[in-house]
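Asks: This is the structure I want to talk about, given as structure tokens.
The values are calculated or read from the model by the stated rules, or taken from the named source; none is laboratory data. Here the structure is a predicted model, which means the values were calculated and not measured. Don't worry about glycine lacking a Cβ; one is built from the backbone with ideal geometry, like all the others, and counts go over all protein chains shown.
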Amino acid sequence: SSGTRCPVCAEPWVSPRLLPCLHSLCAPCLRRLGPLGEPGRAASPRSVLCPVCDAEVALPPGGVGQLTPDYLALSRGGAGAAGCDLCADGAAVRRCLTCGADLCLFCCQAHRRQKKTASHVVMELENTKDCSQAEKPLFCPSHPTETLRLFCEQCDQPVCQDCVVDGHRQHPYDFTSNVIHRHGDTLRELLKSTQQRMGTLEGVLSQIDDTGSAFRGRTEALATEICLFASGYVKAVEEHRDRLLKQLEDLKVQKENLLHLRKAQLQQLLLDMRTGVEFTERLLTSGSDLEILITKRVVASRLAKLNSVAYNTHPSVDDGIQFSPQERAGQCRGYELFGAILNKVVDPARCTLLGEDLHSAHQNQLTGFTLLCSDTMGERMGRGGEAVQVTITHKDKRDCVVKPKVCDNGDGTYHISYSPEESGLYAVCVYVKGQHVKGSPFTLMVKNKFRKHQGVFHCCTFCSSGGQKAARCACGGTMPGGYQGCGHGHKGHPGCPHWSCCGQVKESSECLGGPPSDTSQRSLLRTVAL
């Protein structure tokens with residue numbers, strides 16, 4: 001944040017705390033903020049709404065007291081605006097010249113009563129305004145009498161000597177002067193990345209302005225075209241013209257509202273980035289080493305979060321509206337009117353697939369199905385021109401892909417034809433504007449056109465007779481119909497229970513009733529001869 005006063009109470013800083021959105025507030029002002037969440041239901045973690053940017057921020061489990069102190073705000077606000085270094089609640093009125101701590105009235109009395117600090121020299125804060133804030137030591141919140149001179153690498157925070165002995169005994173640590181360069185460079189890299197994204201974001205906002213201008217120009221052109229068309233009619237046409245202009249205005253407002261919404265979202269993101277960049281720049285240029293290390297974690301977290309926000313670098317709206325003078329518009333005052341605004345938008349979820357058998361086909365045979373496109377109301381589009389894409393891929397052979405042909409019939413229907421070269425199970429996907437239509441994806445089973453036969457085959461009575469209807473097998477069965485020869489294509493003789501298939505049984509196969517004897521074969525031949 002900027003300035004020497006709290007943005008909420010407009011008073012000099014009193015123990016300012018840094019929120020994750022990089023705005024600072026006085027600790028008392030933060031405690032007065034109500035938690036977010038449903039009534040009667042505690043938020044976990046407790047969240048508040050930043051009064052500066054309206055961002056929802058989560059407080060640490062320990063509350064306001066565990067937020068990062070904004071020492072940079074104190075250095076801008078001057079010595080008289082500082083809070084108490086010991087209790088972090090009251091306003092500082094005096095300073096201990098021995099240990100360098102700013103004290104409120106209560107802590108000042110306690111400071112004098114303690115045996116260890118009773119001999120310290122305490123002066124009114126007004127008399128110490130010439131002292132540099134940057135040279136003022138910062139004290140450990142856990143050990144108020146110890147200065148922060150060390151940095152715990154594992155916990156990523158400055159600590160004092162007592163902290164190292166107590167809770168950070170096994171943690172790697174070093175003096176703040178030794179680690180400031182490395183952590184400062186990390187912040188500088190994040191700052192550079194954020195600044196680059198800000199430039200891109202400003203370009204996107206400029207594109208939105210250009211898109212809005214072009215869209216407004218398009219609507220104005222349509223309004224002129226509608227007016228020229230309507231001038232040929234008297235009162236009936238004028239009423240019709242007014243209706244068309246009202247409809248067009250509603251569409252323009254709808255589209256502009258969408259652009260305004262996108263623009264507001266991107267402007268807020270840019271504002272948040274600018275806030276983060278300004279704060280980080282001030283921190284790196286005006287803050288002390290220790291101040292940078294203290295605020296480094298929250299600043300890095302905020303910049304990283306802002307850099308992770310995704311946004312469209314090519315904003316646009318669907319400006320597919322058009323005016324059709326040939327479209328029938330009904331009657332007005334007894335006159336048949338023409339001219340309508342076409343604003344139907346295809347809805348992939350309402351587009352349907354039509355066909356006798358979508359899920360099966362035969363190898364090397366041309367087949368297909370029909371796609372019927374509908375709008376968001378379920379009504380047929382009535383016109384073509386949609387972006388239809390169809391993929392047919394073999395499930396077991398990924399390199400086996402069927403290339404379908406899509407034919408636009410111009411009336412809202414599309415015929416998809418294909419001829420699979422290999423049998424097996426396929427996955428069929430049908431897209432409109434890059435989205436699956438209703439029923440997509442679905443499976444397709446491609447079957448062999450004919451069964452293959454190999455080797456030497458047996459031949460039954462019917463085939464040996466040349467396909468005579470009167471032929472009778474030795475078992476007494478007959479073949480109904482008048483087949484001409486074997487052909488190796490039919491599935492068997494329904495009249496003969498012995499042979500499973502004509503022209504389909506390998507040489508090693510046997511009759512279902514057992515192999516025929518010589519006698520039965522001679523009888524068979526006699527039957528054929530008869």
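Asks: If you scan segment 205-240, which residues turn out to be in a helix (DSSP H, G or I) and more than 42 Å from the chain's Cα centre (by Cα)?
Replies: Once the filter is applied, which keeps residues that are in a helix (DSSP H, G or I) and more than 42 Å from the chain's Cα centre (by Cα), segment 205-240 yields 227, 228, 229, 230, 235, 236, 237, 238, 239, 240.
Asks: Of all the residues that make up segment 368-401, how many are modelled with pLDDT of 90 or more and either more than 30 Å from the chain's Cα centre (by Cα) or among the aromatic types (Phe, Trp, Tyr) (or both)?
Replies: Number satisfying all stated conditions: 3.
Asks: Got at least one residue in segment 164-187 being among the basic types (Lys, Arg), surrounded by fewer than 14 Cβ atoms within 10 Å (Cβ to Cβ) and touching a residue at least 60 places away in the same chain (Cβ under 8 Å)?
Replies: Scanning segment 164-187, I find no residue that is among the basic types (Lys, Arg), surrounded by fewer than 14 Cβ atoms within 10 Å (Cβ to Cβ) and touching a residue at least 60 places away in the same chain (Cβ under 8 Å), so the answer is no.
Each row is one residue, and each column tells you yes or no for (1) touching a helix residue (DSSP H, G or I) at 6+ places or on another chain (Cβ under 9 Å); (2) assigned to a helix (DSSP H, G or I).
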| residue | (1), (2) |
| --- | --- |
| 262 | yes, yes |
| 284 | yes, yes |
| 303 | yes, yes |
| 341 | yes, no |
| 361 | no, no |
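Asks: Anything in segment 381-405 that is surrounded by 15 or more Cβ atoms within 10 Å (Cβ to Cβ) and part of a strand (DSSP E or B)? List them, or say none.
Replies: 388, 390, 391, 392, 393, 394, 402
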